[in-house]
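Values in this text are rule-based calculations from the coordinates and carry no lab data. The structure displayed is predicted, hence computed values, not measured ones. With ideal geometry, Cβ positions are generated from the backbone for all residues, glycine too; neighbour counts draw on all protein chains shown.
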Amino acid sequence: KLSWKKQSNASYYEVYQYNYDTQKYALLSTVTGGKNNSLNVTGLTANTKYRFKVQAYKKSKDGALLKSARSDGATFYTSPAAPTLKSATSAKTKRITAKWTKSTAASGYQVMWSTTSKFTSNYKSVYVSGASSLTKTVTTAQSGKKYYVRVRAYKTRNGKKVYSPWSKTLSVKTK
């Protein structure tokens, strides 16, 4: 989601996206109504760098079209693709083994488990470093208890983790 500062009396905005192949900005969308100062950009590739600019336009009373200078370019990265949680099993007492698919260009994964399906309480998580690490066995607090498990990928950029959406949740009863 892109958002920008509203310009007083703007009639509409044009949003431009940088094309790295042509090395030029191209019109992506026109946002009508001067009070609308955001745009949801869809169809972007996961874990990819994008650059955007915005320009405001105003129709004057005499019919002339006035325009602002384009904004400075803002660069964003999309989050990594979400992994698919393939299984969550319990082969040993108080242990859950989660297995998932690889997420393109991930730095690692976060595995979370909880006794509540919404992960609002009684939850823990662990980080698994490395994009090729696709399984993790965790220790739970109770045996014979139903747990819910989910996983998400992360990419480290400038020392900070950028997360994918969470995978679907699977449930498992611990031995």
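Pick from N19, N158, N47: which residue has the top mean-square fluctuation in a GNM of the chain where Cα pairs under 10 Å get a spring?
Largest GNM mean-square fluctuation: N158.
Take T93, project a point 7 Å from its Cα along the Cβ direction, then tell me which residues of the range 146-161 have their backbone nitrogen under 20 Å from it.
146-147
Of K5/K102; K86/K145; K102/K145; K1/K61, which sit over 30 Å apart, Cα to Cα? Could you put the intermediate results ahead of the total?
Working: K5/K102 38 Å; K86/K145 20 Å; K102/K145 28 Å; K1/K61 32 Å.
Check vs 30 Å cut-off fails for K5/K102; K1/K61.
Amide H to amide H under 5 Å from R95: which residues, 5+ apart in sequence or cross-chain, H placed 1.01 Å off N in plane?
Placed amide hydrogens put T140, K175 under 5 Å from R95.
To the nearest 20 Debye, how big is the dipole of the chain about its Cα centre, given +1 on the beta carbon of each Lys and Arg and -1 on that of each Asp and Glu?
Details: 33 positive and 4 negative charges, 172 e Å.
About 820 debye.
Between T45 and R157, 0.36 nm times their residue separation minus their Cα-Cα distance comes to what?
Numbers: separation 112, 0.36 × 112 = 40.32 nm, distance 1.70 nm.
Taking T45 through R157 to full extension adds about 38.6 nm, to one decimal.
Of the listed values (1) 20.2; (2) 16.6; (3) 19.2, identify the label whose number matches Kirkwood radius over Cα pairs in Å calculated from this model.
Correct label, based on the coordinates given: (3).
Report the label-to-label distance for A26 and S68 in nanometres (one decimal), using points 7 Å from each Cα along the Cα→Cβ vector.
2.5 nm
For the range 1-133, with the dipole built from +1 on Lys and Arg beta-carbon atoms and -1 on Asp and Glu ones, taken about the Cα centre, which of L2, T42, A82 lies farthest toward the positive end?
A82
Gap in Å between the Cα centre of the range 131-155 and the Cα centre of the range 1-33?
42 Å
Figure the gain on full extension for K124 and S3 (residue separation times 0.36 nm, minus the Cα-Cα span) and round it to one decimal in nm. Walk me through the intermediate numbers first.
Values: separation 121, 0.36 × 121 = 43.56 nm, distance 3.39 nm.
Full extension from K124 to S3 adds 40.2 nm.
In the range 1-110, what trypsin sites (Lys or Arg not before Pro) fall in a loop by DSSP, with at most 10 other Cβ atoms inside 10 Å?
K1, K5, K35, K61
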